[in-house]
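Participant: Questions regarding the structure given below will be posed in turn.
The values are calculated or read from the model by the stated rules, or taken from the named source; none is laboratory data. Bear in mind the structure is a predicted one, so any value in this text is a computation, not a measurement. Reconstructed Cβ throughout: ideal geometry from the backbone, glycine too, with neighbour counts over all protein chains shown.
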Amino acid sequence: MAIKNQTDLDRASRVLPSVLERRLPGLSDVRVSSVRMPNESGMSNETLMFDAAWSQRGAPTTQTLVARIAPQQDGIYLDYDLEREYRLMCSLSEGTDLPVPRPLFFEPDAEPLGAPFLVMPFVPGRSLADDPPYTVAGWLTEVDAAARALLVDNTLRLLADIHAVDWRELRLDLGVADTVDSRSVIERRLAHEERFFAWASQGQPNPVIEAALAWLRPNLPGPGPLVLNWGDARVSNVIYDDDLNAAAVLDWERAAIAAPEQDLGWWLFSARHHTKGIGAPEPTGFPDAAQLVARYEELTGHVCSNLTFYEVLAGVQAATMMVRAARMLTAAGLLPPENTMALNNPASVLLAELIGAAPLEGEAISFIGNRT
């Protein structure tokens, strides 16, 4: 959900034709219409959809395009690098069989839309929403258990394919040397989460996150394989075709080179959030955590280890995002100043449970539903 959309749609309608002509040589008579922002736009990058028509070598073309726009001000994450995401998507769409949309261009100039942005083709299909969560509303609640099981299995196959990418051969631009070792990778990731929490909390104490960070440091995993991590591995970041195959895999902004368990930990914690965390039952047909891990191991041949560590790591990230979201919602006037969301939210409740901390008292507050 977006707290408040920053992009001026009328201005976008006026300036996008000239941007397309400048960035895509050979186009003429460019027209843009139906500029809209889907409700699924997130708390980080904004998503703009529009229809474009042009002539190229005398041939008329009409296409629906998507612009992914960097935040105009501080968002929910500590750092953003949309150009890095653009380069990664280009590398994966050109060098692998993964269903990664090939971006048309990256615009570093903030002047047209208020922030840098990339443009890519729209991929038709069905996606799952986070607000309201797909576990309680939407088309997934209307299909049978067999269809849900197929969707999850197809997404696990997608994750296995992502992890099978030869990232060293592709020389992916992820700021990691070919010779990097897994210990330094996880130490750097933990240090990042510590900085993220310090930035999001602005000095305000948070006993659950602080206890989880203290738990993580002495429990660092030993050596292990490194793979391309999707970074936001979950079923709601996929566009599915009519047969529930993955037509497009989206949201690469947190992609990294890391242990396969890092993606799995995020998947497991996110699934837990959208079920137990919000008081919703597990959708029939969805595998439980043990079944999901076993299926991943069957698909990849990799025996998973240290999953509790990676779930706690995911919980720290999710709970810190809630700290930041609480501050953003309060500043926007969508939560009262005395709210306790930063301390008590579904992510922090689950995180406390994972590390064996005392249960949180009172009602957990979620950002779901606070949309403008």
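Participant: So, of the residues in the stretch 154-201 that are in contact (Cβ under 8 Å) with a residue 60 or more places away in the chain and acidic (Asp, Glu), which turns out to be nearest to Trp215 (Cα to Cα)?
Facilitator: By that ranking, first place goes to Glu193.
Participant: Sticking with this structure for a sec: Identify the residue in the stretch 126-141 that is over 16 Å from the mean Cα position of the chain (by Cα) and of a type in the set (Ser, Thr, Tyr) and, among all such residues, is surrounded by the fewest Cβ atoms within 10 Å (Cβ to Cβ).
Facilitator: Here the answer is Thr141.
Participant: Oh, and also: Looking for whichever is in contact (Cβ under 8 Å) with a residue 40 or more places away in the chain, among the polar types (S, T, N, Q) and touching a Ser or Thr at 6+ places or on another chain (Cβ under 8 Å) here; the options are Ser91, Ser127, Ser55. Which one fits?
Facilitator: Unique residue meeting the criteria: Ser127.
Participant: Follow-up question, since we're still on this one. Can you run down the residue pairs with Cβ atoms below 7 Å, 6 or more apart or on separate chains, where the first is in the stretch 15-30 and in the same structural domain as Arg57 (by TED's automatic domain parsing) and the partner is surrounded by 13 or more Cβ atoms within 10 Å (Cβ to Cβ) and of a type in the set (S, T, N, Q)?
Facilitator: Gly26/Gln56; Leu27/Gln56; Ser28/Ser55; Asp29/Ser55
Participant: In addition: On the basis of being free of Cβ contacts under 8 Å to residues at least 40 places away in the same chain and either in a loop (DSSP other than H, G, I, E, B) or more than 16 Å from Val208 (Cβ to Cβ) (or both), does Glu338 make the cut?
Facilitator: Here the answer is yes, as Glu338 does meet what is asked.
Participant: Taking the stretch 242-274 as the region of interest, how many residues are surrounded by fewer than 20 Cβ atoms within 10 Å (Cβ to Cβ) and out of contact with any Gly (no Cβ under 7 Å at 6 or more places or on another chain)?
Facilitator: Total meeting the criteria: 4.
Participant: Then there's this: Got a number for residues in the stretch 142-161 being buried (at least 19 other Cβ atoms within 10 Å of the Cβ) and either of a type in the set (Gly, Ala, Ser) or touching a Pro at 6+ places or on another chain (Cβ under 9 Å) (or both)?
Facilitator: The qualifying residues number 6.
Participant: Tell me which residues, restricted to the stretch 303-332, are basic (Lys, Arg) and touching a Leu at 6+ places or on another chain (Cβ under 9 Å).
Facilitator: Arg324
Participant: Read through the list (1) crowded, with 21+ Cβ neighbours inside 10 Å; (2) in a loop (DSSP other than H, G, I, E, B); (3) in contact with a Ser or Thr (Cβ under 7 Å, 6 or more places away or on another chain), then give the number of the only condition that Glu282 fails.
Facilitator: The one condition Glu282 does not meet is (1).
Participant: Which of the following residues is farther than 21 Å from Val349 by Cα, hydrophobic (A, V, I, L, M, F, W, C) and under 20 Å from the mean Cα position of the chain (by Cα): Ala200, Ala248?
Facilitator: Ala248
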